[in-house]
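Worksheet: the structure to be examined is printed underneath.
Every number here is computed from the coordinates shown, using simple stated rules; none is lab data. These figures come from a predicted structure and were not determined experimentally. All Cβ positions, glycine included, derive from the backbone under ideal geometry; neighbour counts span all protein chains shown.
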Amino acid sequence: MRKVLCGLLTVMLFLTGCKEKIIEEKQKIRIGISYYDSYDPFIMELSSRIEKQLNECENVIVKSVDSEKSQSTQNRQVSDMLSDSYDVICVNLVDRTAPKKIISMAEDSNVPVIFFNRELVSQDLESWTRLYYVGADAGESGKMQGEIVSDYIKEHPEVDKNQDGKIQYIILEGETGHQDAIVRTDVSIQTISDAGIVLDKLSFAIANWNRSQACTKTKQLLSKFNTNIELILANNDEMAIGAIQALTETGIAKEQWPIVIGIDGTEDGLEQVKEGNMIGTVYNDGIKQADAIADLSIALAKNESLDSFNLKNGRYIRSPYQKVTIENVDDYLKLLQ
Ligand code: BGC
Ligand code: CA
């Protein structure tokens with residue numbers, strides 16, 4: 001009899017324990033992150049920082065998932081998180097022109113969404129009140145890239161290797177249709193021309209933000225133009241690094257290299273600036289963006305006031321870009337330690 005009673009008591013205690021655990025788990029804030037591609041180094045640096053910040057908060061459960069470049073996969077991931085009662089969902093869209101499904105599902109469940117990095121058009125972002133965007137101003141990065149290049153060329157006239165008064169260049173572009181690819185390309189070139197430098201476009205290649213695609217495409221362009229290229233503009237550091245790899249593997253003597261510049265200030269990008277292979281980069285402040293995403297998620301989950309975020313148009317947070325050259329690269333390398 002005593003044995004039976006003891007057994008019953010243990011089961012009851014166990015069940016109460018389970019119940020408490022379930023209640024405890026239910027009281028925790030759940031934040032979901034879905035990013036477009038785990039092979040993108042900038043996005044992975046950004047997402048790991050969001051996770052790190054959230055994991056430091058008490059009572060927060062964080063789950064991040066890779067959409068593997070498929071919008072339908074991402075839609076399914078968001079739908080699962082909504083069914084699992086997530087409080088806030090952070091979405092790095094696969095297709096920035098196709099957020100409608102995610103928005104309507106979130107609205108039906110009344111769960112706020114913070115979109116980041118891949119910017120949806122304002123009409124979509126404004127289609128429901130609980131939608132936010134965290135990123136940066138693409139035009140600013142193009143302007144800064146153009147300024148680093150024009151300042152450098154003015155100080156180093158030898159960049160114009162054939163001394164024809166023009167700078168022969170190629171440009172490596174990110175994904176077609178991505179706001180950063182379109183705007184960075186236009187503004188960077190415009191800024192260099194506005195500074196009085198005559199540009200001569202030899203060619204361009206779309207390398208989708210990707211190092212190995214940029215390497216392959218630069219090799220093709222090098223086989224056509226060889227040492228005639230004087231400047232390689234890249235929409236991001238990964239593609240600039242791909243170009244450097246192509247220059248190295250093609251065996252072109254370093255004195256004959258064109259100048260190369262990227263955007264992002266990823267760890268690898270900063271190291272290339274430090275080594276003198278890139279004349280500079282433009283720091284895309286992933287730390288500020290990640291911290292803003294983490295803080296905003298918590299505030300939304302707790303239904304706190306958003307006043308301190310100074311949201312532009314009630315929805316946008318944009319971190320400023322910064323110029324990085326050999327002069328200040330060490331300051332940025334320190335940030336990553
Ligand atoms: C970054 C790229 C990245 C892309 C992904 C851009 O802002 O500069 O490095 O691949 O976002 O969406
Ligand atoms: Ca020239």
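If each residue of separation counts as 0.36 nm, what is the full-extension length gain between residue 190 and residue 56 once their alpha-carbon separation is subtracted?
On the way: separation 134, 0.36 × 134 = 48.24 nm, distance 4.34 nm.
Using 0.36 nm per residue and subtracting the Cα-Cα distance, I get 43.9 nm.
Can you give me the long-range amide H partners of residue 119? Hydrogens built in the peptide plane at 1.01 Å from N, cutoff under 5 Å, separation of 5 or more residues or another chain.
Amide H neighbours of residue 119: 179.
Taking the chain as a Gaussian network, Cα atoms linked when under 10 Å apart, which of 59, 208, 284 shows the biggest mean-square fluctuation?
59
Given Cβ point charges of +1 (Lys, Arg) and -1 (Asp, Glu) and nothing else, what value in debye, to the nearest 20, does the dipole of the stretch 137-216 about its Cα centre take? Present the calculation step by step, with values, prior to reporting the outcome.
On the way: 7 positive and 14 negative charges, 49 e Å.
Computed about the Cα centre, the dipole is about 240 debye.
Please find the FRET efficiency linking residue 327 to residue 39, where r is the Cβ-Cβ separation and R0 is fixed at 30 Å, and quote it to the nearest 0.05.
On the way: r = 32 Å, r/R0 = 1.06.
Working from the Cβ atoms, E equals 0.40.
So for 264, 285, 95, fewest C-beta neighbours within 10 Å to most, what's the order? Write down the numbers at each step before the final one.
Details: 264 29, 285 20, 95 17.
Listed from fewest to most nearby Cβ atoms, that is 95, 285, 264.
Given Cα pairs under 8 Å that are at least 6 residues apart, what percent is the relative contact order of the chain? Walk me through the numbers on the way to the answer.
Details: 608 pairs, mean separation 54.5, N = 337.
Taking the mean separation of contacting Cα pairs over the length of the chain, I get 16 percent.
Taking the Cα-to-Cβ direction at residue 304 and at residue 161 and moving 7 Å from each Cα, how far apart do the two end points lie in nm?
It works out to 5.5 nm between the two label points.
If amide H atoms are built 1.01 Å from N in the plane of the peptide, which residues on other chains or at least 5 residues away come under 5 Å of the amide H of residue 280?
262
Can you sort 178, 156 from fewest to most other Cβ atoms within 10 Å of each residue's own Cβ? Write out the running numbers ahead of the final one.
On the way: 178 19, 156 11.
In order of increasing Cβ crowding within 10 Å: 156, 178.
I need 57, 90 ordered by Cβ neighbour count within 10 Å, fewest first.
Numbers: 57 15, 90 27.
Ascending Cβ contact count within 10 Å gives the list 57, 90.
Of the candidates 303, 228, 236, which one comes out as most mobile in a Gaussian network treatment of the chain with C-alpha springs shorter than 10 Å?
303
If you count the DSSP beta bridges with both ends in the chain, what percent of them are antiparallel, to the nearest 5? Intermediate results must be reported in sequence, preceding the final value.
On the way: 4 of 42 bridges.
So the antiparallel bridges amount to about 10 percent of the total.
In the Gaussian network model of the chain, springs joining C-alpha atoms below 10 Å, which of 118, 49, 76 carries the largest mean-square fluctuation?
Taking springs between Cα atoms under 10 Å, the residue moving most is 76.
Could you work out how far apart the two model spin labels at residue 254 and residue 312 are, taking each label as a point 7 Å from the Cα in the direction of the beta carbon, and quote it in nm?
Using points 7 Å along Cα→Cβ, the separation is 4.0 nm.
Compute the distance from the alpha-carbon center of the stretch 285-337 to that of the stretch 174-244, in whole Å.
27
Would you give the gap between the C-alpha center of the stretch 26-40 and the C-alpha center of the stretch 108-137, rounded to a whole Å?
Their Cα centres are 16 Å away from one another.
What does the extension gain come out to for residue 63 and residue 126, with contour length at 0.36 nm per residue minus their alpha carbon separation?
Details: separation 63, 0.36 × 63 = 22.68 nm, distance 2.63 nm.
This chain segment gains 20.1 nm when fully extended.
Taking only Cα atoms, what is the 0 to 90° angle, nearest 10, from helix 2-27's long axis to the longest principal axis of the chain?
Helix 2-27 sits roughly 40 degrees off the main axis of the chain.
For residue 64, what residues show an amide H to amide H distance below 5 Å, using hydrogens built from the backbone and excluding near sequence neighbours?
Here the answer is 33, since their amide H atoms fall under 5 Å of that of residue 64.
For the chain, report the convex hull volume of the alpha-carbon atoms normalised per residue, in Å³, without decimals.
Numbers: hull volume 55.4 nm³, N = 337.
Considering the Cα atoms of the chain, their hull volume per residue is 164 Å³.
Expressed as a rounded percentage, what relative contact order does the stretch 134-203 have, with Cα pairs under 8 Å and six or more residues apart?
Details: 73 pairs, mean separation 33.5, N = 70.
Result for the stretch 134-203 is 48 percent.
Past 23 Å, Cα to Cα: identify those pairs from 154/219; 63/323; 154/201; 154/274; 302/334, in the order given.
Details: 154/219 28 Å; 63/323 33 Å; 154/201 19 Å; 154/274 21 Å; 302/334 34 Å.
In this structure, 154/219; 63/323; 302/334 exceed 23 Å between Cα atoms.
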